[in-house]
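Trainee: Can you keep this structure in mind? I'll have questions shortly.
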Amino acid sequence: METVYIVVPLLLIGVVLAAVWLDRWSVPVILVALGLGILFGSDVLNVWHFDDVELTNQVANLALVFILFQGGFATKRADLQAVALPALGLATWGVLLTAAGTFVCLHLGLGWSIEQSLLLAVIISSTDAAATFSILRRQALPSRLGSTIEIESAANDPMAILTTLIVVEAYASGATHGWLTVLLFLWKFLAGPVIGWLIARGAVAVFNRLNPQDRGYYYVLLVGVVMFSYGFTELVQASGMLASFTAGLVMGNTRFVYRQGVSNFAAALAMIANIGVFVLMGVLVFPSQWAELWLRGIVLFLVLTFVARPAAVWLGTLGMRLGARERLFMSWAGLRGAVPIVLATYPLASGLAVGREIFNLVFFAVLLSVSIQGSTLGLLARKLGLSEIKRPPPRYGLELVTMAHSELDLIVVDLPGPKGRTGPRIRELILPQSALITLIARGNEVIGPTGNTRLLGWDQVTVLARPEDEAAVRTAMLRRFEEPEPGVEPELLEKPDMVPAADEEAIRQLREHVVLLGHGRVGATLAGLLRREGLPIIVIEQDWHIVELLRRDGALALAGDGESSEVLNYAGIARARVLLVTTTNPLAAEAAIEHAHRVNPTIEVVARVQFAEQRATLSRFPRTHCVNGEDELARAMARLGLDAFRAEANEAGPTRPEARS
């Protein structure tokens, strides 16, 4: 009881805290989980004595099902199609080539037994997606190279699992079936994906027809689908792991009700499974047993890393237009992780005499792979000239969680670098009619988009649009970045200081001045009129480009959001006479006006509004005048129309008496 409710929670909390802290050094979470598992296990602190191989094998199998499903779910069809030949080649025959190379070196080259050499070769033949993703995400690799490595690591586990099961079953039963084994292999390899595809299509139909009031039912349904895809396929003697991966691949590339919620839940399940299985493996291992085999573990790692994997990469990618640098990096990027350790429990659970030794050798080799290859992968990428500055992941994002069929979806567009490169204003974009930009994530800032907002390099833009319009949306967003004017270097824009040191004294001297919130089309016109009248004015604008242009023109301008009390205070709002609010963001306008009246009760406010509810909200503030652009336009057009009637009446007036006579 203490183990379940005290030790396990402490292990999980410790893994998360340590992984977050060690992430700055690119230490994979699986290495943290293994390390803490070993620390809490029998041979070190002896907090948790655990040696149940059968239970470990069952838990690891269940974890693998969800890990593989998520691997397929996260694989995008477009990425897969772009690198299908090298990625899927390495994920299938590349695994077989790695296993063959390892077996030849161990048995023929070093004289290890056939049984041990063959088991080690098939068990450790696949790379690990979790380790690869966690390390490669910090490296800005060429898209083709990065996608090839990531998709290979996500798709090669089923082949390794399939070959391991066949070899372990053969040794456990003590009989080989010749051609029957070949036919069984083909059946498992071909039938698994077909069954996974059928189950996924059926699951999508159920998701679209189901209409529950509680979204929790979708999560329960997903768990059932994932487990059924594995269980039913295994029941008919096909590959359940391949079926799970294929089901994830199909569902991940199909639109269905509550897809975003399912995606988040599947990712969470895979993370829990990944961490949980590595902690369990760490507890199961007995490092004291390494004393007799550590040298053989090093030999296994060296054979795999410097002979088998490079040979598989170079032979498996012949004729695929990959250069020597890319192949060298792919050879070193073959990190081992969860799947080999899980597969290493199969001989142990099957009662093979070499089971414990196989498990310890694989565990030791995986530790070396993750720690040595994982820690040097970034350095090698830089040495080979394959790595660039990596854009930091955005800190903000939106999710469209649908409980019914929707014609719209969220499209995320990552604008290319370099960072701060000036792009078009939103109003200059030619987007499909139904498309609406909803959010701009800029580093650690979140930008509420308006027509005057300027896009910058490395922005992540979220657009609400129809899925069939995605290509048009991306083309409209990226055209100005991908097609710069000939002979013109793109302008780079660093975030300016809110208040430049040169302007601090001038701002402190402002009295009875005008604070202008927003410098779009309306704000620019107002600023020009006020400056021509010689009135003191300071502008608050969030567009860095506009702020820099105003400062070059000698104007006082603050970089920041007008709703921020800090920015308003720097603008001297407590000493100002007038606040002009031109922003179209109703919440920002209300916050700015409320703060202005709080610190300066006598200030006069003129605010731009767009609808009646906003006018009603802002009119409750004293000395606040609201201007609705559409209302003013309608009045002006009405006056002009009425003037036309009056002019016609005046022209007709003198002739009417003559008509009566």
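The values are calculated or read from the model by the stated rules, or taken from the named source; none is laboratory data. Just so it is clear, the model here is predicted, and its values are computed rather than measured. Cβ: placed from backbone, ideal geometry, glycine included. Neighbour counts: every protein chain shown. Side chains included, ligands, DNA and RNA excluded: accessible areas come from the protein's heavy atoms. Shrake-Rupley method; radii C 1.70, N 1.55, O 1.52, S 1.80 Å.
Trainee: How much length is gained if the chain between Gln610 and Leu39 is pulled fully straight, taking 0.36 nm per residue apart and subtracting their Cα-Cα distance, in nm to one decimal?
Mentor: 199.3 nm
Trainee: Okay, next question. In terms of the ratio Rg/(2.2 N^0.38 Å) built on C-alpha atoms, what value belongs to the range 505-544?
Mentor: In units of the globular-protein estimate, the range 505-544 measures up at 1.17.
Trainee: Here are several values of Cα Rg over 2.2 N^0.38 Å: (i) 1.70; (ii) 1.26; (iii) 1.46. Which one was derived from the coordinates shown?
Mentor: From the options (i) 1.70; (ii) 1.26; (iii) 1.46, the structure gives (ii).
Trainee: Shifting gears a bit: Quick check for me: using +1 on Lys/Arg Cβ and -1 on Asp/Glu Cβ, what's the dipole size of the chain about its Cα centre, in debye to the nearest 20?
Mentor: 780 debye
Trainee: Let me check I've understood the local charge: for Thr163, count other residues with C-beta under 12 angstrom from its C-beta, Lys and Arg +1, Asp and Glu -1. What total comes out?
Mentor: My count for the surroundings of Thr163 gives -1.
Trainee: What FRET efficiency comes out for the pair Asp553/Glu470, r = Cβ-Cβ distance, R0 = 41 Å, nearest 0.05?
Mentor: Efficiency for this residue pair is about 0.55.
Trainee: Turning to a different aspect of this structure: Placing one identical point scatterer on every Cα of the range 300-374 and ignoring solvent, what is log10 I(q)/I(0) from the Debye formula at q = 0.11 Å⁻¹?
Mentor: So the normalised log intensities work out to -0.35.
Trainee: Keeping to pairs on different chains or 8 or more places apart, tell me how many lysine pairs in the chain have Cα atoms under 28 Å apart.
Mentor: 7
Trainee: Which FRET efficiency, nearest 0.05, do Arg532 and Ile372 yield, Cβ-Cβ r, R0 51 Å?
Mentor: 0.15
Trainee: Further question: Please give the per residue volume of the convex hull enclosing the alpha carbon atoms of the range 1-43, rounded to a whole number of Å³.
Mentor: Measuring per residue, one finds 54 Å³ for the Cα hull of the range 1-43.
Trainee: May I ask for the net charge around Arg575, where only other residues with Cβ less than 10 Å from the Cβ of Arg575 are counted and Lys, Arg are +1 while Asp, Glu are -1?
Mentor: +2
Trainee: From the residues Ala74, Trp112, Leu162, which one has its Cα farthest along the dipole of the range 44-165 in the positive direction, the dipole being from +1 and -1 charges on Cβ of Lys/Arg and Asp/Glu about the Cα centre?
Mentor: Most positive-ward Cα: Ala74.
Trainee: Let me ask something additional. Distance between Cα centroids, the range 536-556 to the range 579-602: provide it in whole Å.
Mentor: About 19 Å separates the Cα centre of the range 536-556 from the one of the range 579-602.
Trainee: Only bridges whose two residues both fall in the chain count here: according to DSSP, what percent of them are antiparallel, nearest 5?
Mentor: 45 percent
Trainee: So, counting K/R as plus one and D/E as minus one, what does the shell of residues with Cβ under 12 Å around Ala91 add up to?
Mentor: -3
Trainee: I'd like to know which of Trp332, Val226, Thr148 lies farthest towards the positive end of the charge dipole of the chain, counting +1 on Cβ of Lys and Arg and -1 on Cβ of Asp and Glu.
Mentor: Positive-end residue among those listed: Thr148.
Trainee: Here's a follow-up. Output the peptides 281-290, 72-81 sorted from most to least packed, where packing is the average of other Cβ atoms within 10 Å over each peptide's residues.
Mentor: The peptides rank, most packed first, as 281-290, 72-81.
Trainee: Placing one identical point scatterer on every Cα of the range 165-226 and ignoring solvent, what is log10 I(q)/I(0) from the Debye formula at q = 0.16, 0.21, 0.22, 0.26 Å⁻¹?
Mentor: Listed by q, the Debye log ratios stand at -0.67, -0.83, -0.87, -1.04.
Trainee: Moving to a separate point now. Of Lys383, Lys188, which has the most accessible area with a 1.4 Å probe, and how do the rest follow in descending order?
Mentor: Correct descending sequence by accessible area is Lys383, Lys188.
Trainee: Among 531-537, 346-352, 267-273, what's the highest-first ranking by average C-beta atoms within 10 angstrom per residue?
Mentor: 346-352, 267-273, 531-537
Trainee: In vacuo Debye scattering of the range 345-414, one point per C-alpha: log10 I(q)/I(0) at q = 0.14, 0.25, 0.28 Å⁻¹?
Mentor: Here log10 of I(q) over I(0) equals -0.77, -1.12, -1.16.
Trainee: Right, here's the next one. Given a 1.4 angstrom probe, I'd like the percentage of the accessible area of the range 344-417 that is carbon and sulfur, rounded to a whole number.
Mentor: 56 percent
Trainee: While we're here: Can you tell me the FRET efficiency between Leu180 and Ser288 if r is taken as the Cβ-Cβ distance and R0 is 35 Å, rounded to the nearest 0.05?
Mentor: Calculated transfer efficiency: 0.25.
Trainee: While we're looking at this one, here's another question. Largest first and to the nearest Å, give the Cα extent of the range 247-384 along each principal axis.
Mentor: Projected onto the principal axes, the Cα atoms of the range 247-384 cover 55, 39, 27 Å.
Trainee: Which one of Leu31, Asn444, Val609 has its Cα pushed farthest toward the positive end of the charge dipole of the chain, where Lys and Arg give +1 and Asp and Glu give -1 at the Cβ?
Mentor: Of Leu31, Asn444, Val609, it is Val609.
Trainee: In Å², what does the accessible area per residue of the chain work out to with a 1.4 Å probe?
Mentor: On a per-residue basis, the chain sits at 48 Å².
Trainee: Take Ile603, Ile114, Ile275 and sort them by solvent-accessible surface of the protein heavy atoms, 1.4 Å probe, largest at the top.
Mentor: Order by accessible area, largest first: Ile114, Ile275, Ile603.
Trainee: Moving to a separate point now. Please give the length that would be gained between Thr525 and Leu210 if that part of the chain were fully extended, namely 0.36 nm times their separation in residues minus their C-alpha to C-alpha distance (nm, one decimal).
Mentor: Once the chain is fully extended between Thr525 and Leu210, it gains 108.0 nm.
Trainee: Further, regarding this structure: Place the peptides 572-582, 361-371 in order of packing, highest mean first, counting for every residue the other Cβ atoms within 10 Å and averaging per peptide.
Mentor: In descending order of packing, they fall as 361-371, 572-582.
Trainee: A follow-up question, please. Based on alpha-carbon centroids, what's the gap between the range 67-108 and the range 204-227 in Å, whole number please?
Mentor: Their Cα centres are 31 Å away from one another.
Trainee: If Trp197, Trp544 are ordered by their accessible area, calculated over protein heavy atoms with a 1.4 Å probe, which sequence runs from highest to lowest?
Mentor: So, going from the largest accessible area down, we get Trp197, Trp544.
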